[in-house]
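**Student:** Can you keep this structure in mind? I'll have questions shortly.
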Amino acid sequence: MKPTPVIAVFDVGKTNKKLFLFDEGYNIVFERSARFNETEDEDGFPCENLDSLKQSVFDSLSEIAKLKEFELKAVNFSAYGASFVYLDENGEAIAPLYNYLKPYPEDLKKQFYENYGDEARFSFETASPALGSLNSGLQLYRIKYQRPELFRQIKYALHLPQYLSYLVSGQAFSDLTSIGCHTALWDFKQNDYHEWVKKEGIAEKLAPIHPADATVSPAIAGTGYTVGIGLHDSSAALIPYLVSFHEPFILLSTGTWAISLNPFNQSPLTEDELKNDCLNYIQYKGKPVKASRLFSGHEYEQEVKRIAAQYGQDVMKYRSLVYDPQALRGLTSEVGGQRLEIEPDIEAYYNLMAHIVQR
């Protein structure tokens, strides 16, 4: 039987790492999911296990090659933002993939805004709320002043989606969907890197910008597939809807972050919106996308772990609960005609869900 032509998409989230094979009708014909234990950076703060992630990409491509029922035509990557991989002259990663939740040093933050303007004005220019390490450009600023020797060794700082593409293509690129994701790197009015990026020597550490919808050849000749340069995950989620629909819409994207994306709102961000964690993304064609975010996926994961630990339960228990509105009020539930008391951990779980929804 003739093999089915497929494209492979690696969807790398903060928690779940997934691989999908799509056929020509965009049906999922194969999928795989994995989680990796975190490692620690030099300060003992948890961070992504870059070695495991790298190996999983190569292992997955090797596995696909053995599946004779499929013919791989293209590979692309979507991954979370606010995360750089630092490569040296030899193309090797020379630092941890620092966690965007890592607290940012107050002295560096003060120094930065004293040099480049108050937070409100700077946030407006870069469409990036002042978020410390979540502004990935400031991670490079931190390295320059806290680890100058490492900074000198960096040839390219690649956002995670572009690093994953680099593993397969051997070619280093930057991409607007990653640059435009609350990085504090991009001046939205000038449509260019912000002046601070050039003054601090950051721009020369960033690979050339390449079109988000372009493809390149893989590093290994004769594989028969092309490689995309990678996309920021939230921006990637927008693409099928932008291609398919012309009426205005808002896309709700859930995961570690719950994000609303409005590609049809072109009004400038207001000071009040920035204070409430609204921002602009850049979609794959280079146009701004207004967005708002809640860290509710992360909150859910941490709180479920806490509930399970407090009541001596396995977190898997809460993945298959049947919705029971009575539990929200701490009342009894009727199962099989019998009135049963709600277990305290179930009540706690439902209260958590109610809290997240009400936010």
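**Student:** Please work out if A172 is buried (at least 19 other Cβ atoms within 10 Å of the Cβ) and assigned to a loop (DSSP other than H, G, I, E, B). Explain how you work it out, then say what you get.
**Tutor:** Working: buried (at least 19 other Cβ atoms within 10 Å of the Cβ): yes; assigned to a loop (DSSP other than H, G, I, E, B): yes.
Here the answer is yes, as A172 does meet what is asked.
**Student:** Next question. Answer yes or no: is there a residue in region 191-205 that is over 20 Å from the mean Cα position of the chain (by Cα), of a type outside the set (G, A, S) and closer than 22 Å to E273 by Cα.
**Tutor:** Pass one, region 191-205, residues over 20 Å from the mean Cα position of the chain (by Cα): 191-205.
Now narrow it down to the ones that are of a type outside the set (G, A, S): 191-200, 202, 204-205.
Filter once more, so that each one left must be closer than 22 Å to E273 by Cα: 191, 194.
Looking through region 191-205, at least one residue is over 20 Å from the mean Cα position of the chain (by Cα), of a type outside the set (G, A, S) and closer than 22 Å to E273 by Cα.
**Student:** Somewhere in region 59-76, is a residue in a helix (DSSP H, G or I), without any contact (Cβ under 8 Å) to a residue 40 or more places away in the chain and surrounded by 18 or more Cβ atoms within 10 Å (Cβ to Cβ)?
**Tutor:** Checked region 59-76: no residue is in a helix (DSSP H, G or I), without any contact (Cβ under 8 Å) to a residue 40 or more places away in the chain and surrounded by 18 or more Cβ atoms within 10 Å (Cβ to Cβ).
**Student:** Inside region 239-251, can you point out the residues that are under 21 Å from D213 (Cα atoms) and open to solvent by 60 Å² or more (accessible area, probe 1.4 Å)?
**Tutor:** P240, Y241, V243, S244, F245, H246
**Student:** Return the residue satisfying two criteria in turn: it lies in region 132-152 and is out of contact with any helix residue (DSSP H, G or I) (no Cβ under 7 Å at 6 or more places or on another chain) and open to solvent by 50 Å² or more (accessible area, probe 1.4 Å), and of such residues it is farthest from S267 (Cα to Cα).
**Tutor:** E149
**Student:** Anything in region 252-268 that is part of a strand (DSSP E or B) and either without any contact (Cβ under 8 Å) to a residue 12 or more places away in the chain or open to solvent by 50 Å² or more (accessible area, probe 1.4 Å) (or both)? List them, or say none. Quick ask: steps written out before the conclusion?
**Tutor:** The first filter runs over region 252-268 and keeps only residues part of a strand (DSSP E or B), leaving 252-253, 258-262.
Answer for region 252-268, where residues must be part of a strand (DSSP E or B) and either without any contact (Cβ under 8 Å) to a residue 12 or more places away in the chain or open to solvent by 50 Å² or more (accessible area, probe 1.4 Å) (or both): just L252.
**Student:** Further question: Can you name every one of the helices (runs of 4 or more DSSP H) wholly within region 110-165 that holds 3 or more residues which are closer than 19 Å to I179 by Cβ? Talk me through it step by step, then tell me what you get.
**Tutor:** Working: elements: 119-126, 136-146, 148-153.
Passing ranges, in order: 119-126, 136-146.
**Student:** Among the residues of region 134-156, is there at least one that is over 21 Å from Y98 (Cβ atoms) and touching a residue at least 60 places away in the same chain (Cβ under 8 Å)? Walk me through how you get there before you give the answer.
**Tutor:** Step one: of region 134-156, the residues over 21 Å from Y98 (Cβ atoms) are none.
No, there is no match, as no residue in region 134-156 is over 21 Å from Y98 (Cβ atoms) and touching a residue at least 60 places away in the same chain (Cβ under 8 Å).
**Student:** Filter region 337-359 for residues that are assigned to a helix (DSSP H, G or I) and of a type in the set (D, E); which is modelled with the lowest pLDDT?
**Tutor:** Of all residues in region 337-359, those assigned to a helix (DSSP H, G or I) come to 344-358.
Now restrict to residues that are of a type in the set (D, E): 345, 347.
Details: D345: 91, E347: 87.
Among them, the one singled out is E347.
**Student:** So, in region 14-38, how many residues would count as being of a type in the set (S, T, Y) and open to solvent by 60 Å² or more (accessible area, probe 1.4 Å)? Outline the logic, then answer.
**Tutor:** First, pick out the residues of region 14-38 that are of a type in the set (S, T, Y): 15, 26, 33.
Still in the list and also open to solvent by 60 Å² or more (accessible area, probe 1.4 Å): 26, 33.
Number satisfying all stated conditions: 2.
**Student:** Give me the pairs, please: first residue somewhere in region 196-223 and within 14 Å of Y141 (Cβ to Cβ), second residue anywhere and among the aromatic types (F, W, Y), beta-carbon distance under 6 Å, and either six or more positions apart or on two chains.
**Tutor:** Between residues of region 196-223 that are within 14 Å of Y141 (Cβ to Cβ) and residues that are among the aromatic types (F, W, Y), the close pairs are W196/Y116; A203/Y193.
**Student:** Something else now. So how many residues does region 39-58 have that are surrounded by 14 or more Cβ atoms within 10 Å (Cβ to Cβ), of a type outside the set (D, E) and part of a loop (DSSP other than H, G, I, E, B)?
**Tutor:** 2
**Student:** Considering only residues that are part of a loop (DSSP other than H, G, I, E, B) and either open to solvent by 10 Å² or more (accessible area, probe 1.4 Å) or among the β-branched types (V, I, T) (or both), which ones fall in region 183-205?
**Tutor:** Correct list: T183, F188, K189, Q190, N191, E200, G201, I202.
**Student:** Every residue in region 1-19 that is farther than 26 Å from Y100 by Cα and either in contact with a helix residue (DSSP H, G or I) (Cβ under 6 Å, 6 or more places away or on another chain) or part of a strand (DSSP E or B) (or both), please.
**Tutor:** Initially, region 1-19 is screened for residues farther than 26 Å from Y100 by Cα, giving 1-8.
Passing the criteria: T4, P5, V6, I7, A8.
**Student:** Among the residues of region 277-326, count how many are part of a helix (DSSP H, G or I), among the β-branched types (V, I, T) and free of Cβ contacts under 8 Å to residues at least 24 places away in the same chain. Spell out how you get there, then give the answer.
**Tutor:** Residues of region 277-326 that are part of a helix (DSSP H, G or I), as a first pass: 296-311, 315-319, 325-326.
If we keep only those that are among the β-branched types (V, I, T) too, we end up with 304, 307, 315.
After this cut, where a residue has to be free of Cβ contacts under 8 Å to residues at least 24 places away in the same chain as well, the list is 315.
Qualifying residue count, region 277-326: 1.
**Student:** Kindly provide the set of residues from region 274-324 that are closer than 19 Å to L242 by Cβ and open to solvent by 80 Å² or more (accessible area, probe 1.4 Å), ordered by number.
**Tutor:** At the first step, the residues of region 274-324 found to be closer than 19 Å to L242 by Cβ are 279-292.
Hits for region 274-324 are K285, K287.
**Student:** Restricting the search to region 309-323, which residues are within 27 Å of the chain's Cα centre (by Cα) and within 13 Å of L352 (Cβ to Cβ)?
**Tutor:** Selection gives V315, Y318.
**Student:** Which one of these does R121 not meet: (1) surrounded by fewer than 14 Cβ atoms within 10 Å (Cβ to Cβ); (2) at pLDDT below 95; (3) closer than 27 Å to N16 by Cβ?
**Tutor:** Looking at each condition in turn, R121 falls short on (3).
**Student:** Something else now. Take region 81-96 and flag every residue that is at pLDDT 95 or above and either touching a strand residue (DSSP E or B) at 6+ places or on another chain (Cβ under 8 Å) or in a strand (DSSP E or B) (or both). First the steps, then the outcome.
**Tutor:** Taking region 81-96 and keeping what is at pLDDT 95 or above, we get 84-96.
Result: F84, V85, Y86, L87, A93, I94, A95, P96.
The values are calculated or read from the model by the stated rules, or taken from the named source; none is laboratory data. Since the model is a prediction, treat every value here as computed from it, not as a measurement. Cβ atoms come from the backbone with ideal geometry, glycine included; neighbour counts cover every protein chain shown. The area values use the complete protein model at the heavy-atom level, side chains included, leaving out ligands, DNA and RNA. Shrake-Rupley method; radii C 1.70, N 1.55, O 1.52, S 1.80 Å.
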